[in-house]
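To keep things clear, I will list the structure first and then write my remarks on it.
The values are calculated or read from the model by the stated rules, or taken from the named source; none is laboratory data. Computed from a prediction, not measured in an experiment: that's the story for all the values here. Neighbour counts run over all protein chains shown; Cβ positions are idealised from the backbone, glycine included.
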Amino acid sequence: MKKQAYDLVIKDGRVIDPALGFGHVAHLFIKDGKIAKIENDNISSRKKIDFMPDENVIDAAGKIVMPGLIDMHVHLREPGREDEETIVSGCQAAAAGGFTTVCCMPNTDPAIDNQETVKFVLSRAEMADARVYVVGAVSKMLKGEELSEIGDLVKAGAVAISDDGGYVQNPQLMRNALEYASMFNIPIISHAEDDFLCKDGVMNESFQSTRLGMKGRPAVGEVIAVLRDIKLCELVGGRLHIAHVSTAGAVEAIRMAKADGVDVTAEVCPQHFCLTDDMIGEKFDTNLRVNPPIRTKADIDAIIKGLVDGTIDCIASDHAPHAEEEKDVEFDQAPPGMIGLQTTVGLVKTYLIDKGYLSWADAIRKMTRNPARILNLPVGTLKVDSPADITIIDSDKKWTVKKTDFRSKSKNSPFVGWKLSGKVSHTILGGRVVYSDK
Amino acid sequence: MPKDKIETVLDKKGINRAITRISHEILERNNGAESLVIIGILTRGADIAKRIASKIKEIEGVDIPVGLMDINLYRDDVHQKLDQPIIQRTEIHFDVVDRNLILVDDVLYTGRTIRAALDQIVDFGRPRSIQLAVIIDRGHRELPIRPDYVGKNIPTSKDDRVMVKLSERDEDDSVLIEKSGLKADDTTPAKIKDKVKKTKAKPKKRKGGKTK
Amino acid sequence: MKLQSRHLLGLEGVSADEISLILDTAVSFREIIERPIKKVPTLRGITVLNLFYEPSTRTKISFELAEKRLSADTITFTKAMSSVKKGETLKDTVRNIEAMKINMVVVRHGSSGVPYFLTQCMDSNIINAGDGSHEHPTQALLDMFTIRQKYGKLKGLRVVLIGDVKHSRVVRSNIWGLKTMGCSVAVCGPSTLQPYEVEKFGVDVYTDLDEALDGADVVNIMRIQLERQQSGFLATQREYTNLFGVTAERLKLLNKNFTIMHPGPMNRGVEITPEVADGKSSVVLEQVTNGQAVRMAVLYLLSGKREEEE
């Protein structure tokens, strides 16, 4: 048998890669797990495709072909809570959600605060359906007291550090972390919520928390925390990335910091542009409990403005699996967090692109090029010779979120039953099809 | 099915005569008014109770204590109804112990209301006797209960509606019967059961006269 | 007229007609409490579970008595005697108990929304006896019953709720109910104990007690939890009493024929002086008696409502 020139071709799709500034219908050729070439439709490219066996051709006509998406904020729960998620199951969910790269947060048990745990996670991820990059802990056991061995973490493969799940309360420790991490040119990802102001709070502080008699997490708790980190970053340098921005005030603070030249970037999660706190009183759905909490319409408007003007660099899911029995309890007893890997694309399409706030190119940039740049990842582009990580999206396909479709081990999503537009059609990891929509 | 037709069984004068006669019988049987108390079942039984009391006052010159009673909390069908009946106020501001108690209702039918009333009275104390006075006895008893004083006995089919109207809350005094198309002997037990079910599913509004 | 729901989770969204139905029905039950035999057979065969995850004396006893006086079978479950400590979830606990064939649940719990949560995992009628700082509908109903008993109406009265507005479910239920019934409602307490955007309830908000009392008909004084001091909401008990303690002196600001209420338990000498608590305008004990009548009315009205209705 004659050896084939290419292993796989994706034909007739609208190829969008903000890193290349590419955005029109073309054919994408893959060879040895890498992007071999992108060619416009012409007689010669057509011929190459005609020579290939059908099973090696993906017809992407009418669909959008993009670099494999990056979710820079997920919780994979392994080691420690393999009943909620494993690296393998989390990566299956990622593949089904169009993500070929995920960055996992260190709040596992034990925490990813040492080389061994980084190596353990990376070894577990070797055969998984997505690339996994590790975010190491800022402080030992995430206690916010002593710095972890950040140099060692980086050496083992960590691409950033974070005490996500909580804020680095001690400003001196945060200052040290920023200075220390800058030696390795990695960002610190800050879960910015002041513990004293937000202590025991279970939802946004608003008339809704007043009405329901629930302890609130005030917006100012986030704003103050963001401002402090920005000022420290301004003082000592280093790179600061604000995770899951949820308030208008934080968007404004980041916008001003960027204008002042501070090296700060930010991400937002779908729950903070799709959900509002008045939904909580309807059914006390514990899947709506998340930190930072879902806020108000005014916050959503500000976040969208921040996405549009570039203040917010990335869209991430903050995929946070929790066991059913832990969520099926009293609202304030439930752990905060919701899964998101498989709903993010649909929510971005339905709530940002269809509403005219972002173009597909804008949205893809925030889920490919920007996170790749922030974390120095060698992915997120369709440039020739880069890994053949590709996501194909059926842009106008309507679908309903179903619990049974979740590949995550946990099903804690408030979006079950939602009707969305835009569904992942294929996910390709290093030239291998890891997901295709039936 | 033939059209239902409405007949007048008693008019204003007839009701008045019945109340007068019952009052005389009560006094005769109880050797005067001294030992008497009277309790009417809400709503129209209570109206009649008050009329009997004032008639007795006319005859004997004695004020006898009158009480009102809502029997809904003692019904035997509360668990079968979807919405609980609205409870009116029971007012018995006197001691019933060792008195001859006259219990008054407008229509005596299955006897279940009276059973509920008897149970409730006992919770207030132990009367020397309880005697039952009704304006209409329409038959079809489901419990071993009989009236001591009756305004008028009228034979009915189970599907007929008997309506007592009193000027206290209706336009005028009268007792009406709305005949159903069915003959009395058509009401086989199976059919009755059916009817009962239907009534439960959709309780009729009590408008313009009580149906019993 | 009938109740719209087969549960009583709160007074938010309950119509004036429904509240009137409950209060009217309670009038009839109030009479039963005065009878020599304070018991009617109405709820024979109905089993009521009292599920108390928070300590409570008065509300628990009041519900238990109300149930017994309606001839219901009752069981009371408190956190201390349960398997809760072993880690069983609330859902498992209530499902296990419901498997023993109960019909109604009266629930008190420290978390807002638990009564709603129970409606999702059991078939019984659920009555909220206090959830977190959310609602305590029967307390507000008995407060309204007591006010109506005295004034013959609710509409147009000025009611002031004093104390820890932030953490009080009694205040919230009272606000919903009183507003629905056409009262003018004010809240008064230290600004640290006023919840965020409290004015959105449609109430007048005061931090000066004298201003709040001016022209009021009814003063409903909430218990101040002394542990609020440790959380930094209050400076000292002494200062609270000076600023917000209701004294006989201050009552001069009220309308003639004013009423003093307190849902209990009282901290005499803290939020209320003994003189006011025991004064002739105080209806504190009447509230307790009325509480039973109101709870009997709620149990009675809900007991007939089955699931197939919704």
Checklist outcome for this item: A careful count of residues in segment A:328-348 that are within 14 Å of chain C (Cβ to nearest Cβ), farther than 18 Å from A:Asn107 by Cα, not acidic (Asp, Glu) and not in a helix (DSSP H, G or I) gives 1
Checklist entry - Which residues, counting only those in segment A:363-388, are surrounded by fewer than 16 Cβ atoms within 10 Å (Cβ to Cβ) and either part of a helix (DSSP H, G or I) or of a type in the set (A, V, I, L, M) (or both)? => result A:Arg373, A:Val384
Next on the checklist: When you scan segment B:27-45, do you find a residue that is surrounded by 22 or more Cβ atoms within 10 Å (Cβ to Cβ) and without any contact (Cβ under 8 Å) to a residue 60 or more places away in the chain, even just one?
Outcome noted: no
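Return the only residue of C:Ile102, C:Ile147 being modelled with pLDDT under 95 and more than 24 Å from A:Met279 (Cβ to Cβ). If you could, list the steps in order and put the result at the bottom.
Working: C:Ile147 fails: modelled with pLDDT under 95.
Only one candidate qualifies: C:Ile102.
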Checklist entry - Restricting to segment C:177-199, what's the tally of residues that are part of a helix (DSSP H, G or I) and more than 15 Å from C:Ile162 (Cα to Cα)? => result 3
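Could you please let me know if A:Val264 is assigned by TED's automatic domain parsing to the domain that holds A:Glu324, out of contact with any strand residue (DSSP E or B) (no Cβ under 7 Å at 6 or more places or on another chain) and surrounded by 19 or more Cβ atoms within 10 Å (Cβ to Cβ)?
Details: assigned by TED's automatic domain parsing to the domain that holds A:Glu324: yes; out of contact with any strand residue (DSSP E or B) (no Cβ under 7 Å at 6 or more places or on another chain): no; surrounded by 19 or more Cβ atoms within 10 Å (Cβ to Cβ): yes.
Judged against the criteria, A:Val264 is not a match.
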Checklist entry - Taking C:Arg69 and the conditions (1) surrounded by fewer than 20 Cβ atoms within 10 Å (Cβ to Cβ); (2) modelled with pLDDT of 95 or more; (3) more than 27 Å from C:Ser168 (Cβ to Cβ), which numbered condition does it fall short on, given that it satisfies the others? => result (1)
Checklist entry - What number of residues in segment C:164-209 are within 14 Å of chain A (Cβ to nearest Cβ) and acidic (Asp, Glu)? => result 3
Next on the checklist: Checking A:Glu85 against (1) under 29 Å from A:Arg407 (Cβ atoms); (2) among the charged types (D, E, K, R); (3) over 17 Å from the mean Cα position of the chain (by Cα); (4) outside any strand (DSSP E or B): exactly one of these is not met. Which one?
Outcome noted: (3)
Item to check | Residue check for A:Ile112: in contact with a strand residue (DSSP E or B) (Cβ under 6 Å, 6 or more places away or on another chain), hydrophobic (A, V, I, L, M, F, W, C), assigned to a loop (DSSP other than H, G, I, E, B) and modelled with pLDDT of 95 or more | outcome: yes
Next on the checklist: Let me spell it out: the conditions are (1) under 30 Å from A:Gly216 (Cα atoms); (2) modelled with pLDDT of 95 or more; (3) in contact with a Phe, Trp or Tyr (Cβ under 9 Å, 6 or more places away or on another chain); (4) crowded, with 18+ Cβ neighbours inside 10 Å, and C:Gln287 meets all of them except one. Which number is the exception?
Outcome noted: (1)
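Being touching a strand residue (DSSP E or B) at 6+ places or on another chain (Cβ under 7 Å), surrounded by 17 or more Cβ atoms within 10 Å (Cβ to Cβ) and assigned by TED's automatic domain parsing to the domain that holds A:Asn185 is true for just one of A:Ala320, A:Ala334. Which residue is that?
A:Ala320
Looking only at segment B:116-136, filter to residues that are charged (D, E, K, R) and touching a residue at least 40 places away in the same chain (Cβ under 8 Å); which one of those is farthest from the other protein chains (Cβ to nearest Cβ)?
Taking segment B:116-136 first, the residues charged (D, E, K, R) are B:119, B:123, B:126, B:128.
Of the ones still in play, those that are also touching a residue at least 40 places away in the same chain (Cβ under 8 Å) are B:119, B:128.
Working: B:Asp119: 7, B:Arg128: 17 Å.
Within segment B:116-136, the match that is farthest from the other protein chains (Cβ to nearest Cβ) is B:Arg128.
Only one of C:Val171, C:Val159 is in the same structural domain as C:Tyr206 (by TED's automatic domain parsing), more than 15 Å from the chain's Cα centre (by Cα) and at pLDDT 95 or above; which?
Details: C:Val171 fails: more than 15 Å from the chain's Cα centre (by Cα).
After applying the criteria, what remains is C:Val159.
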Next on the checklist: Could you check segment C:1-22 and list, in sequence order, the residues that are more than 13 Å from C:His136 (Cα to Cα), hydrophobic (A, V, I, L, M, F, W, C) and within 14 Å of another protein chain (Cβ to nearest Cβ)?
Outcome noted: C:Met1, C:Leu3, C:Leu21, C:Ile22
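For (1) closer than 30 Å to B:Ile86 by Cβ; (2) within 24 Å of the chain's Cα centre (by Cα), each residue gets a yes or a no:
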position: C:Arg228; (1), (2): no, yes
position: C:Glu249; (1), (2): no, no
position: C:Thr259; (1), (2): yes, yes
position: C:Val294; (1), (2): yes, yes
Next on the checklist: Given the condition out of contact with any strand residue (DSSP E or B) (no Cβ under 9 Å at 6 or more places or on another chain), of a type outside the set (Phe, Trp, Tyr), closer than 17 Å to C:Leu9 by Cβ and surrounded by fewer than 24 Cβ atoms within 10 Å (Cβ to Cβ), answer yes or no: does some residue in segment C:173-182 qualify?
Outcome noted: yes
Next on the checklist: Within segment B:135-152, does at least one residue satisfy the condition of being touching a helix residue (DSSP H, G or I) at 6+ places or on another chain (Cβ under 8 Å), among the charged types (D, E, K, R) and closer than 29 Å to C:Ser71 by Cα?
Outcome noted: yes
Next on the checklist: Can you find a residue that is in the same structural domain as A:Val424 (by TED's automatic domain parsing), within 16 Å of A:Thr391 (Cα to Cα) and in a loop (DSSP other than H, G, I, E, B) anywhere in segment A:30-47?
Outcome noted: yes
Checklist entry - buried (at least 16 other Cβ atoms within 10 Å of the Cβ), outside the structural domain of C:Ser20 (by TED's automatic domain parsing), among the hydrophobic types (A, V, I, L, M, F, W, C) and at pLDDT below 95: does that describe C:Val219? => result no
Item to check | Cβ pairs under 7 Å, 6+ apart, first in segment A:19-35 and surrounded by 17 or more Cβ atoms within 10 Å (Cβ to Cβ) and at pLDDT below 95, second aromatic (Phe, Trp, Tyr) and in a strand (DSSP E or B) | outcome: none
Checklist entry - If we only count helices (runs of 4 or more DSSP H) wholly inside segment A:161-241, which ones have 1 or more residues that are buried (at least 23 other Cβ atoms within 10 Å of the Cβ) and within 11 Å of another protein chain (Cβ to nearest Cβ)? => result A:207-212, A:219-236
Checklist entry - Looking at B:Gly40, B:Gly45, which one is part of a helix (DSSP H, G or I), away from chain C (no Cβ under 14 Å) and closer than 30 Å to C:Gly45 by Cβ? => result B:Gly45
Checklist outcome for this item: Of the residues in segment A:388-402 that are in contact with a Leu (Cβ under 8 Å, 6 or more places away or on another chain) and in contact (Cβ under 8 Å) with a residue 60 or more places away in the chain, the one that is nearest to A:Trp418 (Cα to Cα) is A:Thr391
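Can you work out which of the residues in segment C:94-123 that are of a type in the set (A, V, I, L, M) and away from chain A (no Cβ under 14 Å) is surrounded by the most Cβ atoms within 10 Å (Cβ to Cβ)?
Initial filter on segment C:94-123 (of a type in the set (A, V, I, L, M)): C:94, C:97, C:99-100, C:102, C:104-107, C:114, C:118, C:122.
Filter again for away from chain A (no Cβ under 14 Å), leaving C:97, C:99-100, C:102, C:104-106.
On the way: C:Ile97: 19, C:Ala99: 9, C:Met100: 9, C:Ile102: 21, C:Met104: 23, C:Val105: 25, C:Val106: 31.
The residue in question is C:Val106.
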Item to check | Which numbered condition C:Ser231 fails, given (1) at pLDDT 95 or above; (2) of a type outside the set (Lys, Arg); (3) over 24 Å from C:Ile147 (Cβ atoms) | outcome: (1)
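Here is a yes/no grid of residues against (1) within 14 Å of chain C (Cβ to nearest Cβ); (2) within 21 Å of A:Ala219 (Cα to Cα); (3) charged (D, E, K, R); (4) not in a loop (DSSP other than H, G, I, E, B):
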residue	(1), (2), (3), (4)
A:Asp278	yes, yes, yes, yes
A:Arg295	yes, yes, yes, no
A:Ala302	no, yes, no, yes
A:Thr311	no, yes, no, no
A:Ser317	no, yes, no, no
A:Glu326	yes, no, yes, yes
